[in-house]
Amino acid sequence: MVAAAEHRSLDDLNFRAQGRLSEVSGRRAVIHLHRRGLIGGLGLAGLAGPAILRAQELPPLRPATVFQTEGPFYPYDDKPTDQDADLVRITGQDAHALGQITHLTGVVRGQFGEPLGGALVEVWQCDSGGRYIHRDDPHTTVARDSGFQGYGKTLADRDGAFRFRTIKPVAYSAPTPIGEIRRAPHIHVAVSTLGVRRLTTQLYVAGEPLNDQDLILAHMATADQREGVIRPYAPGTGDEAGALAAHYDLVVGI
């Protein structure tokens, strides 16, 4: 009888402990959503901690944009003086970048679909000759396009939207531990909020033959994930004659 009573007592303690853990987890979830600005927007301000975890109270999660490597040429120590969202023209220079001008747009959202207004969006890419603005770029026999900024950044607006003026990316050769590989045309992008890098990936051009051969793309993305980072580059409808337009929706994981 004593053993049975002790067993029931232990079960009761365990049940109450589990309930306490659920309450703490719920409170942490509420705090997390408050910090991300979700509570007010979803109308969940009155829910208790454990209730916030009920799936029926939350919208479905969107798949996060696939992570891809930063690569060796992020310009940590080589950022240009001009770092605005127009990579085609450097402030103070008359020359424009070589290559096909492209208006790159997108929207940054969280997995609940909420726009991440104020997020820092950075892009970097090689010029039309395959050169990065990085001291370790190996293509030293090719002159770098002095009219191409190579790196730019902007803040997403209140709706999470961002825009860059750049060039259509080109293919280039890159040395690796297993030998030189040919990279499909791509633009590197990074998204940060509150000073923390949340997403790093690469943006590709639909219809490029090298997409199916690119080692980074093939080994770091499923078919569904590839669809999110491979988008068409089509003639733009704006005022800039001959310019292309491409749009990417970026979803930052929780």
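No value in this document is a laboratory result; all are computed from the given coordinates. Note that the structure is a prediction, hence the values are computed from the model and not measured. FYI the Cβ positions are ideal-geometry reconstructions off the backbone, even for glycines, and counts take in every protein chain you see.
Things to note:
- Taking packing as the residue-averaged number of other Cβ atoms within 10 angstrom, the listed peptides 152-163, 234-245, 217-228 run from highest to lowest as 152-163, 217-228, 234-245.
- Taking the square roots of five times each eigenvalue of the Cα gyration tensor of the stretch 101-252, the equivalent ellipsoid has semi-axes of 25, 19, 16 Å, listed largest first.
- Phi-derived couplings, Karplus 6.51 cos²θ - 1.76 cosθ + 1.60 at θ = phi - 60°, listed residue by residue for the stretch 191-196: 10, 10, 9, 6, x, 10 Hz, with x used for Gly and Pro.
- Rounded if a/c under 1.5, otherwise prolate or oblate - the stretch 47-176, Cα gyration tensor axes: prolate
- Taking the stretch 189-254 and dividing mean pair separation by its residue count, relative contact order in percent (alpha carbons under 8 Å, at least six apart): 27
- Packing rank of 80-86, 178-184, where each peptide gets the mean count of other beta carbons within 10 Å, highest leading: 80-86, 178-184
- Shown for HIS103, HIS247: other C-beta atoms within 10 Å of each C-beta, ranked fewest to most, produce the order HIS247, HIS103.
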